[in-house]
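Participant: Quick one: the structure is below, and I'll ask about it shortly.
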Amino acid sequence: MAIPYEERGWDPSAEGWNRSSSKPKIVVTEDDAALAASMEPAQPIQTPISTLDERIASEIVNPTDQKVRGVGIGLKRSSRWAQHFDKAEQQNNLPKGSLLSIAAIESMGDPMAGSSAGAKGLMQFMPRIARSVDMRVDDQVDERTDPVKSIYAAGRFFGDLLKKSDGNINEALMKYNWGSGNVSRWKSNPESTMPMETRQYLGRWSAAMKLQQESAKGQSSPAR
């Protein structure tokens, strides 16, 4: 409540505690108005998505049951090279099962798989990326179709992406699927969204990891 005030001092008629029959006289000044305004309820603040993990999580599309079954088939087919996946993951400090999961969703375990964009092999390398990890790709030889060489090359490549992503596995996966440049532009623009393919890619990779974990516990999932 504003304090009664007049230019000449306190208003004695406002001192109700001395006069039981009188009521305090309230004189509103500019200071009173300012004080009242400062005490008005603040407008609600909408909390923005503040971390990269939260932003990525808000965009991930979880796979349908049918797609999860497809991921399981990809895991079974890719598991033919399980020992090489294990070794490549260990050499590059990658989470166990991470490369196998990539192969399962990239090529369904087919070392001869190709895409309309030009990616090829078990790990679906584009020519330029394959050459950057010392794979031969020319008119005579295309080492991308060599599953073992592809696995170890993918281990080095994904390991490097993970380091450059400060250990953020989802960011590294985005770069593997969408490209580092695209991810950098996405990160710099909070209003942008990743393409549906990448949103689904992250969800399918997580499903592949979960299937492997369930398999290791003896549950009904693709055996590794």
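The values are calculated or read from the model by the stated rules, or taken from the named source; none is laboratory data. None of the values given here were measured: they were computed from a predicted structure. Note: ideal-geometry Cβ built from the backbone for every residue, glycine included; neighbour counts use all protein chains shown. Only protein heavy atoms, including side chains, enter the accessible area calculation; ligands, DNA and RNA are left aside. Shrake-Rupley method; radii C 1.70, N 1.55, O 1.52, S 1.80 Å.
Participant: Of the residues that sit in the stretch 50-68 and are surrounded by 14 or more Cβ atoms within 10 Å (Cβ to Cβ) and in a helix (DSSP H, G or I), which one is nearest to the chain's Cα centre (by Cα)?
Facilitator: ILE56
Participant: Going by what's in this entry, would PRO190 be described as surrounded by fewer than 22 Cβ atoms within 10 Å (Cβ to Cβ), within 21 Å of ALA117 (Cα to Cα) and not acidic (Asp, Glu)?
Facilitator: Criteria not met by PRO190.
Participant: Go through the stretch 125-143 residue by residue and tally those that are free of Cβ contacts under 8 Å to residues at least 12 places away in the same chain and closer than 15 Å to TYR176 by Cβ.
Facilitator: 2
Participant: A follow-up question, please. All but one of (1) within 26 Å of ASP134 (Cα to Cα); (2) over 11 Å from the mean Cα position of the chain (by Cα); (3) not in a loop (DSSP other than H, G, I, E, B) hold for GLN200, so report the exception by its number.
Facilitator: Failed condition: (1).
Participant: Checking ARG77 against (1) modelled with pLDDT under 65; (2) open to solvent by 90 Å² or more (accessible area, probe 1.4 Å): exactly one of these is not met. Which one?
Facilitator: Condition not satisfied by ARG77: (1).
Participant: Right, next: Looking only at the stretch 124-179, count how many residues are open to solvent by 50 Å² or more (accessible area, probe 1.4 Å), part of a helix (DSSP H, G or I) and more than 18 Å from LEU100 (Cβ to Cβ).
Facilitator: Summing the residues that are open to solvent by 50 Å² or more (accessible area, probe 1.4 Å), part of a helix (DSSP H, G or I) and more than 18 Å from LEU100 (Cβ to Cβ) in the stretch 124-179 gives 7.
Participant: Being open to solvent by less than 10 Å² (accessible area, probe 1.4 Å) and farther than 16 Å from ALA153 by Cβ is the filter here, so list the residues in the stretch 86-101 that pass it.
Facilitator: GLY97, SER101
Participant: Taking GLY109, is it part of a loop (DSSP other than H, G, I, E, B), within 28 Å of TYR152 (Cβ to Cβ) and modelled with pLDDT of 95 or more?
Facilitator: Answer is yes for this residue.
Participant: Also: Can you tell me which residues in the stretch 46-95 are closer than 21 Å to GLN200 by Cα and among the charged types (D, E, K, R)?
Facilitator: Listed by number, the residues that qualify are ASP53, GLU54, ARG55, GLU59, ASP65, LYS67, ARG69, LYS76, ARG77.
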